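Below you'll find the structure, written out as structure tokens, and then a few comments.
The values are calculated or read from the model by the stated rules, or taken from the named source; none is laboratory data. This is a predicted model, so every value here is computed, not measured. Neighbour counts are summed over all protein chains in view; Cβ atoms, including those assigned to glycine, are modelled from backbone coordinates with ideal geometry.
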Amino acid sequence: MAIRLHPTALIEDGVEIGDGTAVWDNVHIRGPSRIGRQCIIGEKTYVAYGVQIGDRVKINAFVYICNAVTIETGVMIAAGTTFTNDRFPRATTPDLSVLRDSGPDEHTYPTLVREERQSAPAVSSAAISRSAGSQ
């Protein structure tokens, strides 16, 4: 399957995109990062460097995914979702003399997004006993 990139998508060097993935309009993906197979990256989404996205992930429009986020296979991210990863976000050093870069530091926390696994509904032993007794 071919990768589909909208002509307005900005894909930086170092980005790996898997087969069958569609990247829609005005998406910006920074490298290095990895997007899996058969994904959809919705319009106007930003993916920071260092992000890892599994296979068959759907990311709706207007999503911001910051550094240190991993999204596992099969996950869907709703439109307008914003990830944050810094407990103490700030623009400058504490004395306000230097603008800080955007790189991770000791206050950056990795984020892992997993698909919720659906399992068969649990049936209590009391419900089984009532069912058996009513036959």
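Take A48 and decide whether it is under 14 Å from P104 (Cβ atoms), of a type in the set (A, V, I, L, M, F, W, C), touching a Pro at 6+ places or on another chain (Cβ under 7 Å) and surrounded by 17 or more Cβ atoms within 10 Å (Cβ to Cβ). Taking the combined requirement at face value, the residue does not satisfy it. What number of residues within region 56-69 satisfy the criterion of being surrounded by fewer than 17 Cβ atoms within 10 Å (Cβ to Cβ) and out of contact with any Gly (no Cβ under 6 Å at 6 or more places or on another chain)? Total meeting the criteria: 2. Exactly one residue out of I11, I41 is farther than 26 Å from E116 by Cβ, at pLDDT 95 or above and either touching a helix residue (DSSP H, G or I) at 6+ places or on another chain (Cβ under 9 Å) or aliphatic (A, V, I, L, M) (or both), and it is I11. Residues of region 23-34 that are part of a strand (DSSP E or B) and surrounded by 18 or more Cβ atoms within 10 Å (Cβ to Cβ): V23, I29, S33, R34. Checking each residue in region 86-97 for being surrounded by 10 or more Cβ atoms within 10 Å (Cβ to Cβ) and modelled with pLDDT of 85 or more picks out only T92. Taking each residue of region 15-29 that is on the phi > 0 side of the Ramachandran plot and looking for partners that are part of a loop (DSSP other than H, G, I, E, B) and among the small types (G, A, S) with beta-carbon atoms closer than 9 Å, six or more apart or interchain, yields G20/A2; N26/A9.
Of the residues contained in region 53-68, one or more are found to be in a loop (DSSP other than H, G, I, E, B), among the aliphatic types (A, V, I, L, M) and at pLDDT below 95. Among the residues of region 1-20, those identified as in a loop (DSSP other than H, G, I, E, B) and farther than 18 Å from A79 by Cα are M1, A2, I3, H6, P7, T8, E12, D13, G14, G18, D19, G20.
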